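Chemist: Below: one structure in C-alpha cells.
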Amino acid sequence: MLTIYGVYRSRSARVYWMAEELGIEFRSVPVLQANRLANPLSPDAPVNTLSPEFLAINPMALIPAIKDGDLVLNESLAINLYLARKYGGDLGGKTVEEDGLMAMWTIWAVSELDGNTGKIVSTYDNGNENTEAGRAVIDVACRTMKRPLSVLEKQLDGKDWILGGRFTVVDLNIAEVLRYAQSETALFDAHPNIDAWIRRCQSRPAYLEMQRKRSLEPVEV
Ligand SMILES: N[C@@H](CCC(=O)N[C@@H](CS)C(=O)NCC(=O)O)C(=O)O
C-alpha cells in the first residue's frame, strides 16, 4: 500500500489530493515540519522532519515523501508524476509526447512559480502581508511571475484544462503551486483564465476531500 509521510498543512497536500483523485488506498504517517516545533530533537517531540526515522526516508528533511513497495520518493511534484504514471489512467500521459509536456509543465511550475508562491504564503502565514517589508516581498514575487502567468493565461485560452482536453496531473501540480499565492487576489483578478481554471480544479470532489481532512488537522502544534 502507498504510504505518504507528511501533514496536510504542507506541500504534502499535493500528494494527498493526488491520492484522493486516484481513489487508491493509502496510509498517512504524520511527520511535522521541524520548524513548527520549539525543540524538534527533544525525546518527546512528535515525529518531525529532523527525526532520525524520517531522515532515513528523506535525508533532505522535507515533507512530503512516499513509500510505494520498495520505492521511496521525495519531491512533491515528482511524486505526483510517478503516481499518475503508475495509477493515474487519464490523469497521466497517454503518449510519450504527453509525458514530455507533463514533465515540462511540472518543471516549469517548480522553477518559475514555486519559490515565488512560497514567499507569498509564508509572508501571509507570518502576518506580514501589510508591513512594508512583507509588501515588498510579495510585490517582487508577483512581478517575477508576470511572464510565467501570462504564458499560463494564454495556454488556458478557450480551454478548461492545461493539456490533453482533460484534467491531468499537470493541472493538479500547478494548481497546488498557485494555491500558495491565492491570498493575493489581485494576481488572479488580472488573469481571468487562470482564476476560472483554478476554481474548476478546486471544486473537484478529490480536492474538497483533501481540504476536509486538512481542516481536521490542528493549525498549532
Ligand atoms: N521541493 C520540495 C519542498 C518540500 C518542502 O519545502 N517541505 C516543507 C513543508 S511545505 C518542509 O518539509 N519543511 C521542513 C521544515 O520547515 O522544518 C517538495 O516540493 O517536495
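Chemist: Give me the residue from the range 58-107 that is within 30 Å of Leu37 (Cα to Cα) and in a loop (DSSP other than H, G, I, E, B) and, out of that set, farthest from the ligand (Cβ to nearest atom).
Modeler: Of the residues in the range 58-107, the ones within 30 Å of Leu37 (Cα to Cα) are 58-68, 71-80.
Imposing the further condition that a residue be in a loop (DSSP other than H, G, I, E, B) reduces the set to 58-64, 75.
On the way: Asn58: 9, Pro59: 12, Met60: 8, Ala61: 6, Leu62: 4, Ile63: 4, Pro64: 6, Glu75: 5 Å.
That would be Pro59.
Chemist: Hey, another quick one. Kindly indicate which of Tyr124, Tyr82 is closer than 23 Å to Glu21 by Cα and out of contact with any Lys or Arg (no Cβ under 9 Å at 6 or more places or on another chain). Let's see the steps before the verdict.
Modeler: Details: Tyr124 fails: closer than 23 Å to Glu21 by Cα.
Answer to the selection: Tyr82.
Chemist: So which residues in the range 3-22 are over 12 Å from Arg214 (Cβ atoms) and either among the β-branched types (Val, Ile, Thr) or more than 18 Å from the chain's Cα centre (by Cα) (or both), if there are any at all?
Modeler: Thr3, Ile4, Val15
Throughout, read-outs are computed from the coordinates displayed, never taken from laboratory work. Being a predicted model, the structure only gives us computed values, none of them experimental. Counting neighbours? That spans all protein chains shown, and the Cβs are built from the backbone with ideal geometry, glycine included.
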